[in-house]
Amino acid sequence: MADYRVLRIDDIPAVVFGWFKRARAALGVESFGMQVIDLPPNSPHHARHDHHIDGQEEVYVVLRGGGEIEVDGTRHSITPETLVRVGPMLSRKLWPGQDGMRVLVLGGVPGSAYTAPDVTRLDAPDPGMEISAEMTGSGRGS
């Protein structure tokens, strides 16, 4: 069997309200992290996060649309002509503009072998289900 795979982004399984496409697992990539994030217009819902625990640096590549990336409290305009690298200790958050934003996110730990987080596996539960339960209060015990 040939060691390659061709996929359309829209055919990749998506979780978290359809925003998070498990591109790494769908292509069979094991040496680095790779996801596609589709954010609707003006959505505030991309999670602010950092990677101080796992040491992962990330590169963001806008494929479609645009908006801003907030890095440690400072916002920067990003469009399909922009590349952004964010080190593990800095917080980051995507802010899509009026056309929404499709972003390719690449990640890895400098000097270390990549270990894929469980959420990126194709058979992993959809974390969006937990978020929905928290938003509606149905995920709380009584």
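Nothing in this text is a laboratory measurement; each read-out follows from the coordinates by a stated rule. Everything numeric in this text was worked out from a predicted model, so none of it was measured. With ideal geometry, Cβ positions are generated from the backbone for all residues, glycine too; neighbour counts draw on all protein chains shown.
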Packing-ranked peptide list from 74-82, 3-11, 29-37, highest mean Cβ count within 10 angstrom first, is 29-37, 74-82, 3-11
Gyration tensor on Cα atoms of segment 31-125, a ≥ b ≥ c root eigenvalues, a/c under 1.5 rounded, else prolate if a/b beats b/c, else oblate, says prolate
For the chain, the charge dipole (Cβ of Lys, Arg +1; Cβ of Asp, Glu -1; about the Cα centre) points to a positive end, and the Cα of Thr79, Ile12, Ile37 closest to that extreme belongs to Thr79
Whole-Å distance linking the alpha carbon centroid of segment 60-105 with that of segment 1-51 is 15
Long-range amide H partners of Phe17, meaning residues 5 or more apart or on another chain whose placed amide H is closer than 5 Å, are Gly128
